[in-house]
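A.B. asks: Let me begin by handing over the structure; questions about it come next.
The values are calculated or read from the model by the stated rules, or taken from the named source; none is laboratory data. Every value quoted in this text rests on a predicted model; they were computed, and no experiment measured them. Here Cβ is always computed from backbone atoms with ideal geometry, including for glycine, and neighbour counts include all displayed protein chains. The area values use the complete protein model at the heavy-atom level, side chains included, leaving out ligands, DNA and RNA. Shrake-Rupley method; radii C 1.70, N 1.55, O 1.52, S 1.80 Å.
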There are 2 protein chains.
Amino acid sequence: MSQIELKETVLAKAQAAKKAARVLGVMPADDKNKALLAMAESLWKNRESIFAANAEDVREARENGIPETRIDRLVLTEKRLQDMMEGLRQIVELADPVGETLETIERPNGLLIEKVRVPFGVIAMIYESRPNVTVDAAGLALKTGNAVVLRGGKEALRSNIALVDAMREGLAGSRIPLEAVQLIDRTERESVDILIRAKDVVDLVIPRGGAGLIQRVIENALVPVIETGVGNCHVYVDEAADFDKATRIVLNAKTQRPSVCNAMETLLVHEQAGKWLPGIVYALQERGVEVRGCRKTQEILGETQCLDISFATEEDYATEYLDLILAIKVVSKVEEAIEHIERYGTRHSEAIVTENQAAAEKFLAEVDAAAVYHNASTRFTDGFEFGFGAEIGISTQKLHARGPMGLRELTSYKYIIRGTGQTR
Amino acid sequence: MSQIELKETVLAKAQAAKKAARVLGVMPADDKNKALLAMAESLWKNRESIFAANAEDVREARENGIPETRIDRLVLTEKRLQDMMEGLRQIVELADPVGETLETIERPNGLLIEKVRVPFGVIAMIYESRPNVTVDAAGLALKTGNAVVLRGGKEALRSNIALVDAMREGLAGSRIPLEAVQLIDRTERESVDILIRAKDVVDLVIPRGGAGLIQRVIENALVPVIETGVGNCHVYVDEAADFDKATRIVLNAKTQRPSVCNAMETLLVHEQAGKWLPGIVYALQERGVEVRGCRKTQEILGETQCLDISFATEEDYATEYLDLILAIKVVSKVEEAIEHIERYGTRHSEAIVTENQAAAEKFLAEVDAAAVYHNASTRFTDGFEFGFGAEIGISTQKLHARGPMGLRELTSYKYIIRGTGQTR
């Protein structure tokens, strides 16, 4: 396919989505909910063709030597398909944010200004080979009155085609136009670039995946992008910490699920909390965590003779390991912890453990991140844990939506002004 | 200056702003207000050097053949300086949005999640040769706890240096660090590119100026951009219009200030409202408006013999004239008006004039624009007219802030989570 044909193919899908978005944008919640339930049913009805397509994807991924951790994300099972269907049903239960009046302003000249929540229009999702994102993103977008253009990783292409076919079959009996869910079935990288530069058609781009994917999207997009998910997160254990809490929080933040963005990557410890260090390092190592520390950490641990750890470099502090590895730095005061986070953090999730209220308030106020915790694990930065009932990603940028993004974060607003002939 | 030196110079200023932003971000409103008043006083105290610098800028602009309309924007007078000072004093009177709790969520596990309004951090303003933007932007940014990096047009460089020097002299006696206001005094276009790509230092870019400037910024920025100000705005006069209202609104929207973004550029008229057309065209022409119309418009006017207008092309409909020129199109129903706006509008301000409530509601719901009016002039899309008390621009994008942007739109939010040792 030539570049021109590729461009035409991608833009035609985005334009079809835009047309569908106009219908969908003013559709009552009831009609949207019925369509979502029909989509869920249709996934189950078409499970055999979905599993067959997925098996092909998995077979080819194995042949191509894709690592097993990535293949694990790709594999669809009955349980995983049911989870996706359950996800759609949960979205149905959530209130529809579209049409909500956010603010009413009455002006002295009699103009009545209403700020009303509206859908974005067309949302493009750029993601890797996780077929569950295909269904989640479609469900969240449709519920909020948005059409969606999906571009998943090429290893999941057959699975995504089968999932989208099934969802569209479900839409066929509903009032939502089929065209509201579009899948870019081209694997060329250029297809992404065309989509994220289609400023007149696409209203919002959400990249979901590793740092490389997100960086590429940001560098090439003309459409506004919500940056998600890279989390170099810290826990700072203060001299005035309750060390039982500190131990529980640190173990949870590092080991409960190390591969996710809200897991801790660097532990900052006040020098007066040195006595607590050998115990926590021992507990971490026991759970299979490789610990790297600054000179001061090594000195403190050296006194205990038995704990041997490697040296943490600048690069360690800048790395989101997403693995059972932890960097430790000893600091002399809360300000130093805040400065370290300012320098190396990715504005995602940061925590302080202390019983000193003044230190806590300073940290909460001054740390620049989407979510700042006092005496709790960074792992709570999550749409479900925040009670949003759904999540399309966690934003680490400050424009529009920050932190976990649920239904409301998939909407914009407009001003509706009612007059009686007013002029200036 | 080499490219490397230029980059170092620009980044050093942005980094100094970032450092100042940390102090400014948690500063009480009182301290910020005192600093803003001191800035206003200092502008007056330094008026002679400001006027001298401005006179040099104006002289050079004339020598370089800059058109008088642009020179008019560049000229500073006592009245204009006083207006800027008054602008700063008005900003002092407005409530400080920073620190506001937007939402409180109590979770079953006892976590207390607060969504709190915070400054962006460092805002970069890219604008043309209007020295008043220098003072307005600095005032709005500081009030909302943001540091600002200003990059104005090169014709106003001397004026901007004098204004920023005066403002900083005012800051010297305040608690706001001088470094919170930075001026990029390099005129190379690359200085803009360096600034808008400094993703780790700058939190937000606001371009203000013509379509060319805004497009360039969007294409080159890595920092999130709020797109402002391009307005190809329409008024649709329905068959069920109150034609007195229609006449007043159309004349106001086109002629009260044709050079601004919320002025009307195309008039859409229902074919059943044809009888009203000759009168409005006559009234517009009397006010110096050049009218261009579709075939149908010409037919209707042709019957009156005396009104001769030129043909409106596709290009006319796509143009933001910003001048006393108007395109007219006759449509057969409200849907056709909505489609025309969908195709040619820039999502800024759109109006319907009708007494038919159903047609009005359809238009208000379906038209995708920052501000949609029923029976009022598009000219009201403005921070002051909306009662925001201030305005840094009018956003035509849907991310974060849409429509007139006041103080609140210069803030983001973060989640502050208070726990008692919770883990997942």
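A.B. asks: Do the conditions hold for residue A:204, that is, is it facing another protein chain (nearest Cβ under 10 Å) and touching a residue at least 60 places away in the same chain (Cβ under 8 Å)? Don't jump to the end; show me each part of the working.
C.D. replies: Working: facing another protein chain (nearest Cβ under 10 Å): yes; touching a residue at least 60 places away in the same chain (Cβ under 8 Å): yes.
Against the criterion (facing another protein chain (nearest Cβ under 10 Å) and touching a residue at least 60 places away in the same chain (Cβ under 8 Å)), residue A:204 qualifies.
A.B. asks: Shifting gears a bit: Of all residues in region B:339-375, which are touching a Leu at 6+ places or on another chain (Cβ under 7 Å), facing another protein chain (nearest Cβ under 8 Å) and within 29 Å of residue B:315 (Cβ to Cβ)?
C.D. replies: In the first step, residues of region B:339-375 are kept if they are touching a Leu at 6+ places or on another chain (Cβ under 7 Å); the result is B:340, B:372, B:374.
If we keep only those that are facing another protein chain (nearest Cβ under 8 Å) too, we end up with B:372, B:374.
Result: B:372, single match.
A.B. asks: Moving on to the next point. Return the only residue of B:418, B:379 being buried (at least 24 other Cβ atoms within 10 Å of the Cβ) and charged (D, E, K, R). Step through it out loud before you land on a result.
C.D. replies: On the way: B:418 fails: buried (at least 24 other Cβ atoms within 10 Å of the Cβ).
Residue meeting the stated conditions: B:379.
A.B. asks: A further question follows. Does residue B:236 satisfy the condition of being open to solvent by 40 Å² or more (accessible area, probe 1.4 Å) and of a type in the set (Ser, Thr, Tyr)? Walk me through how you get there before you give the answer.
C.D. replies: Numbers: open to solvent by 40 Å² or more (accessible area, probe 1.4 Å): no; of a type in the set (Ser, Thr, Tyr): yes.
No.
A.B. asks: Report whether or not residue B:409 is more than 7 Å from chain A (Cβ to nearest Cβ), over 24 Å from residue B:98 (Cα atoms) and among the acidic types (Asp, Glu).
C.D. replies: On the way: more than 7 Å from chain A (Cβ to nearest Cβ): yes; over 24 Å from residue B:98 (Cα atoms): no; among the acidic types (Asp, Glu): yes.
No, not satisfied.
A.B. asks: Which ones in region A:45-85 are within 15 Å of residue A:161 (Cβ to Cβ), of a type in the set (Val, Ile, Thr) and in contact (Cβ under 8 Å) with a residue 24 or more places away in the chain?
C.D. replies: Hit for region A:45-85 is A:50, nothing else.
A.B. asks: Answer yes if at least one residue in region A:249-257 is crowded, with 18+ Cβ neighbours inside 10 Å, more than 10 Å from chain B (Cβ to nearest Cβ) and of a type in the set (Lys, Arg), and no otherwise.
C.D. replies: There is at least one residue in region A:249-257 that is crowded, with 18+ Cβ neighbours inside 10 Å, more than 10 Å from chain B (Cβ to nearest Cβ) and of a type in the set (Lys, Arg).
A.B. asks: Sticking with this structure for a sec: Go through (1) touching a Gly at 6+ places or on another chain (Cβ under 7 Å); (2) free of Cβ contacts under 8 Å to residues at least 24 places away in the same chain for residue A:364 and report which single condition fails.
C.D. replies: Failed condition: (1).
To keep it simple, each residue is scored yes or no on (1) hydrophobic (A, V, I, L, M, F, W, C); (2) over 27 Å from the mean Cα position of the chain (by Cα).
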| position | (1), (2) |
| --- | --- |
| A:6 | yes, yes |
| A:13 | no, no |
| A:38 | yes, no |
| A:54 | no, no |
| A:60 | no, yes |
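A.B. asks: Out of all the residues in region A:196-210, is one or more farther than 26 Å from residue A:6 by Cβ and open to solvent by 10 Å² or more (accessible area, probe 1.4 Å)?
C.D. replies: No, region A:196-210 contains no residue that is farther than 26 Å from residue A:6 by Cβ and open to solvent by 10 Å² or more (accessible area, probe 1.4 Å).
Residues checked against (1) more than 20 Å from residue A:384 (Cα to Cα); (2) loosely packed, with under 12 Cβ neighbours inside 10 Å; (3) out of contact with any strand residue (DSSP E or B) (no Cβ under 8 Å at 6 or more places or on another chain):
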{"site": "A:87", "(1), (2), (3)": "no, no, yes"}
{"site": "A:94", "(1), (2), (3)": "no, no, yes"}
{"site": "A:100", "(1), (2), (3)": "yes, no, no"}
{"site": "A:106", "(1), (2), (3)": "yes, yes, no"}
{"site": "A:111", "(1), (2), (3)": "yes, no, no"}
{"site": "A:118", "(1), (2), (3)": "yes, no, no"}
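A.B. asks: Looking for something on the phi > 0 side of the Ramachandran plot and in the same structural domain as residue B:378 (by TED's automatic domain parsing) - is there at least one such residue anywhere in region B:284-295?
C.D. replies: Initial filter on region B:284-295 (on the phi > 0 side of the Ramachandran plot): B:288.
The next check asks that each one be in the same structural domain as residue B:378 (by TED's automatic domain parsing); those that pass are B:288.
Yes - at least one qualifying residue is present in region B:284-295.
A.B. asks: Let me ask you something else. Step by step: first the residues of region B:142-157, then only those that are farther than 30 Å from residue B:99 by Cβ and of a type in the set (D, E, K, R), then the one that is surrounded by the fewest Cβ atoms within 10 Å (Cβ to Cβ). Which residue is that?
C.D. replies: First pass over region B:142-157, keeping only residues farther than 30 Å from residue B:99 by Cβ: B:152-157.
From what's left, of a type in the set (D, E, K, R): B:154-155.
On the way: B:154: 18, B:155: 23.
So the residue we want is B:154.
A.B. asks: Another question, if that's okay. Any residue that is within 14 Å of another protein chain (Cβ to nearest Cβ) and either of a type outside the set (Ser, Thr, Tyr) or assigned to a helix (DSSP H, G or I) (or both) - is there at least one of those in region B:188-196?
C.D. replies: Looking only at region B:188-196, we keep the residues that are within 14 Å of another protein chain (Cβ to nearest Cβ), and these are B:193, B:196.
With either of a type outside the set (Ser, Thr, Tyr) or assigned to a helix (DSSP H, G or I) (or both) added as a condition, the list becomes B:193, B:196.
Yes, that holds for at least one residue.
A.B. asks: If you go through region B:217-226 one residue at a time, do you hit one that is in contact with a helix residue (DSSP H, G or I) (Cβ under 9 Å, 6 or more places away or on another chain), polar (S, T, N, Q), within 30 Å of residue B:152 (Cα to Cα) and within 14 Å of chain A (Cβ to nearest Cβ)?
C.D. replies: Scanning region B:217-226 turns up at least one residue that is in contact with a helix residue (DSSP H, G or I) (Cβ under 9 Å, 6 or more places away or on another chain), polar (S, T, N, Q), within 30 Å of residue B:152 (Cα to Cα) and within 14 Å of chain A (Cβ to nearest Cβ).
A.B. asks: Can residue A:328 be described as open to solvent by less than 30 Å² (accessible area, probe 1.4 Å), out of contact with any helix residue (DSSP H, G or I) (no Cβ under 6 Å at 6 or more places or on another chain) and hydrophobic (A, V, I, L, M, F, W, C)?
C.D. replies: Working: open to solvent by less than 30 Å² (accessible area, probe 1.4 Å): yes; out of contact with any helix residue (DSSP H, G or I) (no Cβ under 6 Å at 6 or more places or on another chain): no; hydrophobic (A, V, I, L, M, F, W, C): yes.
Against the criterion (open to solvent by less than 30 Å² (accessible area, probe 1.4 Å), out of contact with any helix residue (DSSP H, G or I) (no Cβ under 6 Å at 6 or more places or on another chain) and hydrophobic (A, V, I, L, M, F, W, C)), residue A:328 does not qualify.
A.B. asks: Confirm whether residue B:231 is surrounded by fewer than 24 Cβ atoms within 10 Å (Cβ to Cβ) and closer than 27 Å to residue A:223 by Cβ. Reasoning before the result, please.
C.D. replies: On the way: surrounded by fewer than 24 Cβ atoms within 10 Å (Cβ to Cβ): no; closer than 27 Å to residue A:223 by Cβ: yes.
No, not satisfied.
A.B. asks: Now a separate question. Only one of (1) farther than 19 Å from residue B:249 by Cα; (2) in contact with a strand residue (DSSP E or B) (Cβ under 6 Å, 6 or more places away or on another chain); (3) basic (Lys, Arg) fails for residue B:333. Which number is that?
C.D. replies: Every listed condition holds for residue B:333 apart from (2).
A.B. asks: With the requirement that a residue be within 12 Å of another protein chain (Cβ to nearest Cβ) and open to solvent by less than 10 Å² (accessible area, probe 1.4 Å), what does region B:382-393 give you?
C.D. replies: If the condition is that a residue be within 12 Å of another protein chain (Cβ to nearest Cβ) and open to solvent by less than 10 Å² (accessible area, probe 1.4 Å), then B:383, B:386 are the ones that fit.
A.B. asks: Which condition from (1) touching a strand residue (DSSP E or B) at 6+ places or on another chain (Cβ under 8 Å); (2) open to solvent by 10 Å² or more (accessible area, probe 1.4 Å) is the one that residue A:323 breaks?
C.D. replies: (1)
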